[in-house]
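Only one structure is covered here, and it is reproduced in the block below.
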Amino acid sequence: MCPDLVAVDRRNLADFLASQPGFEAITAEQVAAARTRDDLGLSSLQVILVMVNYLAATGGEHAFRPDWVARLDDVDGIASVMRDIDSLTMSSARS
Amino acid sequence: MTADTVTVGSFACELGDLECKPADLPDFEQWWQAESNGADFTTMGCGTFRKMSGPVSGYVVATVQRTLAERGLPARQVDRVVFATTDANLAQVDRDFVAGVLEAAGLVSCVPVLMSFQQCCASVTALGHGCALFDDPAVRNVLVVAFDAAATDRERVRQFALFGDAAASCLISRDGGGELRLASSAVQIDYEGLLGRDSMVSRQQVARDTLDAVLGTTGTSIAEVTMVFPTNLYQPLTSFNAMVAGIHKSKLHFAEMLYRVGHCGNCDWMLNLIDYRDKVGLRRGEQYLSHASAPGFFAGGLLVGV
C-alpha cells in the first residue's frame, strides 16, 4: 500500500471519529501513531459502532461485508474498510 | 428431524410487569460508562425494559397458561416441558421451582427437564430437544418455556445489551395445530468466547458455521428465509453480527422489541417471533430463522410455516 494512501485513510478515520459522539477525545495524532485498535482504546463494540455509523453516513445503501471482519483489529485495517465502503458508494453513485 | 405432523405454535409471553427506563436505574450513567468505554447510549436502540416485581415462577406459569389457552389444550394433556434459562438465572431455579410451576399450571402428567449452560442460546436448543422428544410415540404435547430475569439492576447494563425480564413459551404437538414446523436446528460453541477470549473473527466463524449447519441440512439459502428473529443485543451489534454472518439487516425483526423490552436473555427470538406473528403473520411455506447468540455460543433453528 502506498504510504500516502495509508495516511489519507488514517486521516479519514480520524476525521470520522472526531465527528462521532463518544470518540471526540481521540486525536488525529493518536490515529496516525496507533497500530491496533487497542492502542486507540477502542473496544469491539466501539469499532462496530464506527463501522455501522460509517455505513449509515455514506448513505446506508451497502452492508458490511463478511470478509472485512478480519481487518478490524488494526488501525490500517479499519481505515482500509472505510476506503472500501467509499469505493462501493462511489461505484453505486456512478452506475 | 421430526415428522411433518409435529408442529410448533401457540407462542406466548409474559413480560416483566414493571416498565422502566434505563435512566430509572440509580447509577445508570456510571454503569454504562464502565461497560461501554464512552459509547453513545442513545444509538443503542433501547427505550424501555421490563422488570419482574415478583418471583420468576409466577411469570413462567402465566406464559404457560397463555400458550395452553391459545390452543385450548387441557394442561393434563401435556407430556413434557422443556424449561430453558441462562446460566446467570439458574440461581432462580430453586428446589421448589418445578413442583411449584407444575402445580400452579396444572401440569399433572408432565415430565420436566431444564436446558441451560448455553446462555441465550438455551431456548433454541430447547426447541430442538422438544421436537426430538417426539421420537417416543407416546409423546403428544411438549411445552418449551424460556425465562430470564436479572438478579440485580447492575446486571442489566452490559457492554453488549440492556437486560429486561420475560418468560416465553410455545407448544409442540404431534397432532398439528401449530403454525410452524422445525426443519432443522443447530448450536455450536466458540470455546475462546466461552472463556472470554473471543474475537470478532471467532464470533463470525461460529455464526457462519452454525448457519451453514442449520441451512445446509435442508439445502436452504439465507435468501430464501423470510425473516430472522435474533437476540436483542444493542441495535448496531445485532445488525453487525447479522451482516458478518451473511444475513442482510432487512431480514431482521427485532428493533421494536429491543426498544420496548430490551434483551430478555434466551427469550428474545420468541418475543420477536410473537411480535412478527401479531403484526404480519406466519405464512404457509415461508421459512423463518430463530437466531440466538451469546458469548461462546451461537444457535439457530429453521422454522417453516405450515
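The values are calculated or read from the model by the stated rules, or taken from the named source; none is laboratory data. This one's a predicted model, so the numbers in the text were calculated from it and none came from an experiment. As a convention, Cβ positions derive from the backbone with ideal geometry for all residues, glycine included, and neighbour counts pool all protein chains shown. Side chains are part of the model used for accessible areas, which takes the heavy atoms of the whole protein and leaves out ligands, DNA and RNA. Shrake-Rupley method; radii C 1.70, N 1.55, O 1.52, S 1.80 Å.
Spin-label model, B:R284/B:D40: points 7 Å from Cα along the beta carbon direction are separated by 4.8 nm. At the residue level, B:R66 shows approximately 130 square angstrom of accessible surface with a 1.4 angstrom probe and all protein chains present.
Our summary gives chain B a relative contact order of 26 percent, counting only alpha carbon pairs under 8 angstrom and 6 or more residues apart.
Applying 1/(1 + (r/R0)^6) with r as the Cβ-Cβ distance of B:S202 and B:Q77 and R0 = 35 angstrom yields a FRET efficiency of 0.20. Structure remark: mean-square fluctuation, Gaussian network model of chain B, C-alpha springs under 10 Å; the largest value among B:M257, B:M243, B:M270 belongs to B:M243. Above 14 Å, the calculated P(r) of region B:223-284 contains 52 percent of its Cα-Cα pairs. Take every Cα pair under 8 Å whose residues are at least 6 apart in sequence, average their separation, divide by the length of region B:108-193, and the relative contact order is 29 percent. Chain A and chain B together bury an accessible surface of about 1800 square angstrom, both sides counted, with a 1.4 Å probe and no ligands or nucleic acids included. A full extension of the chain between A:S95 and A:S43 corresponds to an added length of 15.1 nm, given 0.36 nm per residue minus the alpha carbon distance.
Comparing B:V98, B:V124, B:V206, which has the greatest mean-square fluctuation in the GNM of chain B with Cα pairs linked when under 10 Å apart? The residue that fluctuates most here is B:V98. Applying 1/(1 + (r/R0)^6) with r as the Cβ-Cβ distance of A:A70 and B:D175 and R0 = 41 angstrom yields a FRET efficiency of 0.25.
In region B:77-160, inverting the average of 1/r over every pair of distinct C-alpha atoms gives 13.8 Å as the Kirkwood radius. Taking a Cβ cut-off of under 14 Å around B:A242, the surrounding Lys, Arg, Asp and Glu residues balance to a net charge of +4, with basic ones at +1 and acidic ones at -1.
Shown here are the Rg and Dmax of the Cα trace of chain B, at 18.2, 56 Å.
Tell me, what is the per residue accessible area of chain A in Å², probe radius 1.4 Å?
On the way: 4590 Å² over 95 residues.
About 48 Å² of surface per residue is accessible.
Each listed q (0.07, 0.10, 0.12 Å⁻¹) maps to a log10 I(q)/I(0) for the protein assembly as shown, found by the Debye formula over equal Cα scatterers with no solvent: -0.34, -0.67, -0.92.
Please report the relative contact order for chain A, taking Cα pairs under 8 Å with a sequence separation of at least 6, and give it as a percent rounded to a whole number. Please report the intermediate quantities before stating the final value.
Values: 76 pairs, mean separation 29.1, N = 95.
Relative contact order comes out at 31 percent.
Among the cysteines of chain B, those whose beta-carbon sits 4.7 Å or more from every other cysteine beta-carbon are B:C13, B:C20, B:C46, B:C110, B:C120, B:C121, B:C131, B:C170.
Determine the shielding of peptide A:41-47 by partner chains: average, over its residues, the number of Cβ atoms on other chains within 10 angstrom of each Cβ. The shielding value for this peptide is 5. GNM remark for chain B: springs join alpha carbons under 10 Å apart, and the peak mean-square fluctuation among B:L252, B:L271, B:L233 falls on B:L252.
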